[in-house]
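J.: One structure is given below, represented as structure tokens, and several questions about it will come after.
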Amino acid sequence: MEEGVVLDIGTETYLSPMLSILWDTYGRDLITQPDRFTVKILVPGLDPREIEDVMVVDPSEGMFHDIIYALQWIAPEGFKVRRETIGEGFFSYVASENTLDEKEIDSLLKEKFACVGVTV
């Protein structure tokens with residue numbers, strides 16, 4: 001009997017990024033995929049709890065990009081000047097039909113984020 005951990009895959013949505021993480025962590029030679037719904041980590045003595053908290057995909061990353069994409073589509077055409085910023089746990093989207101000074105934008109963002117208790 002082989003030692004290691006067997007993962008039963010319910011949906012293949014994030015299988016590719018998960019395999020990449022497992023290969024980087026344990027090496028390709030210790031990861032096998034006998035079928036599309038099974039992944040075996042052949043590391044002797046591996047405690048399954050070691051892989052429970054491995055983040056395969058950060059859903060917030062895609063969410064921020066999707067929201068900014070939507071804002072670009074719904075912003076009026078006259079807003080030619082646009083600036084997007086994605087930070088840790090927040091994003092901003094500034095648009096104007098006039099030229100905006102970078103210092104003005106930074107000051108405005110700090111002021112608006114302070115209203116909701118976030119320091120930028």
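The values are calculated or read from the model by the stated rules, or taken from the named source; none is laboratory data. Values in this document were obtained by computation on a predicted structure and should not be read as measured data. Heads up: the accessible areas ignore ligands, DNA and RNA and are worked out on the full protein's heavy atoms, side chains in. Shrake-Rupley method; radii C 1.70, N 1.55, O 1.52, S 1.80 Å.
J.: Relative contact order, percent, of the chain when contacts are C-alpha pairs under 8 Å separated by at least 6 residues?
T.: RCO, the chain: 18 percent.
J.: For a quick check, take a GNM of the chain with Cα springs below 10 Å and name the residue from 49, 28, 82 with the largest mean-square fluctuation.
T.: Greatest mean-square fluctuation among the candidates belongs to 49.
J.: Sticking with this one: With just the Cα atoms defining each centre, how far is the stretch 91-120 from the stretch 1-26? Give it in Å.
T.: Using only Cα atoms, the two centres lie 42 Å from each other.
J.: Just to check, using Stokes-Einstein with a Kirkwood Rh over alpha carbon pairs, what's the diffusion coefficient of the stretch 77-118 at 4 °C and 1.567 mPa s in µm²/s?
T.: 117 µm²/s
J.: Between residue 66 and residue 110, what length comes free when the chain is fully extended (0.36 nm per residue of separation minus the Cα-Cα distance, one decimal in nm)?
T.: Fully extending the segment from residue 66 to residue 110 adds 13.5 nm.
J.: Send over a whole-number figure in Å² for the accessible area per residue of the stretch 1-69, probe 1.4 Å.
T.: For the stretch 1-69, the per-residue accessible area is 73 Å².
J.: Still on this model: If you wrap a convex hull around the C-alpha atoms of the chain and split its volume per residue, what is the figure in Å³?
T.: Output value, Cα hull per residue: 166 Å³.
J.: For the chain, what does -39500 (n - 2.57) per DSSP helix run (n ≥ 4), summed and divided by total residues, give at 222 nm, in deg cm²/dmol to the nearest 500?
T.: -12000 deg cm²/dmol
J.: Under 25 Å Cα to Cα from residue 112, which lysines show up? Leave out anything in the same chain fewer than 8 places away.
T.: 80, 103
J.: Further question on the same structure: Quick one: length gained pulling residue 79 to residue 16 fully straight, 0.36 nm per residue minus the C-alpha distance?
T.: 18.8 nm
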